[in-house]
1. Report every pair of residues separated by at least 6 positions or lying on different chains whose Cβ atoms are under 6 Å apart, first residue within the stretch 4-17 and of a type outside the set (D, E, K, R), second exposed (fewer than 12 other Cβ atoms within 10 Å of the Cβ) and in a helix (DSSP H, G or I).
2. Looking at LEU130, LEU169, LEU146 in this structure, which one is closer than 23 Å to ILE80 by Cα and either of a type in the set (A, V, I, L, M) or modelled with pLDDT of 95 or more (or both)?
3. Of all residues in the stretch 106-130, which are buried (at least 19 other Cβ atoms within 10 Å of the Cβ) and assigned to a loop (DSSP other than H, G, I, E, B)?
4. Does ALA103 satisfy the criteria of being in a helix (DSSP H, G or I), surrounded by fewer than 19 Cβ atoms within 10 Å (Cβ to Cβ) and of a type outside the set (Ser, Thr, Tyr)?
5. Please verify whether the stretch 176-197 includes one or more residues that are buried (at least 17 other Cβ atoms within 10 Å of the Cβ), in contact (Cβ under 8 Å) with a residue 40 or more places away in the chain, within 18 Å of the chain's Cα centre (by Cα) and closer than 30 Å to ARG32 by Cβ.
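The values are calculated or read from the model by the stated rules, or taken from the named source; none is laboratory data. This structure is a prediction, so every number in the text was calculated from the model and none was measured. Note: ideal-geometry Cβ built from the backbone for every residue, glycine included; neighbour counts use all protein chains shown.
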Amino acid sequence: MKTWAITGRIFFVAITGTLIVVAGGGVAFIQRPIGIAYLVLSLLWWSLAMVRRHGAASTYDRKQHIIVVALGVMTVPLLILAPPWEYAHFAGPIPRDGPLAYAGLTLFAAGIVLQAAAMRTLGSFYTVHLGRQPGHHLVTGGPYRLVRHPGYLSYIMSMTGISLALSSLIGLGLVALVFPFLLWRIRREEEMLIAEFDNEYQFYMKKTKWRLVPLVY
């Protein structure tokens, strides 16, 4: 990766951390146990997002590009700013700093661990662009033994955890907005994988029947 790209990603994570603290009310935010724990987890989460490879573009990816970009433009700024701002300025209706907040932090941390495991398992095949990458082969180990799309599951877990940790109604609204898109993208991705890997992927689907959430879907 080029030096300017690495610098840009580090800068993005640093700015994101600064915005979280400012939106949360400044130093007072990181003086609270929930605030500092959330900041640390957020920096880890966004750092993971920044190290993803873009991968080669494909016809599959181009069909979704406008939707992905539009959704990102709408949700990323809100996801960074809204939860800490709500945490600092509202007292309800979700209780603050109680068991639910710590459950949210735990879910957030679990989402990060799952995302890291999925990234490590797929390696260079874990990319932003949807498509078959050079030298691509089907990977079915690690968390892919349990669900077929652990990366998407980790995203839902993390977003839900963020919302609960900071008692954010806007965050929960973003989960409700993003979830149908992920279900749609999963269907398109599986159509691509069947087209690319044929019987091998269909056998994997029968072996690992849960797409996203074990015992549910």
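1. Hits for this filter: zero, empty list.
2. Answer to the selection: LEU169.
3. Once the filter is applied, which keeps residues that are buried (at least 19 other Cβ atoms within 10 Å of the Cβ) and assigned to a loop (DSSP other than H, G, I, E, B), the stretch 106-130 yields only LEU130.
4. Judged against the criteria, ALA103 is a match.
5. Yes, the stretch 176-197 has at least one match.
Here is a yes/no grid of residues against (1) at pLDDT 90 or above; (2) in contact with a Leu (Cβ under 8 Å, 6 or more places away or on another chain):
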| position | (1), (2) |
| --- | --- |
| MET1 | no, no |
| PHE11 | yes, no |
| LEU19 | yes, yes |
| ALA28 | yes, no |
| PRO33 | yes, no |
| TRP45 | yes, no |
| MET50 | no, no |
| GLY55 | no, no |
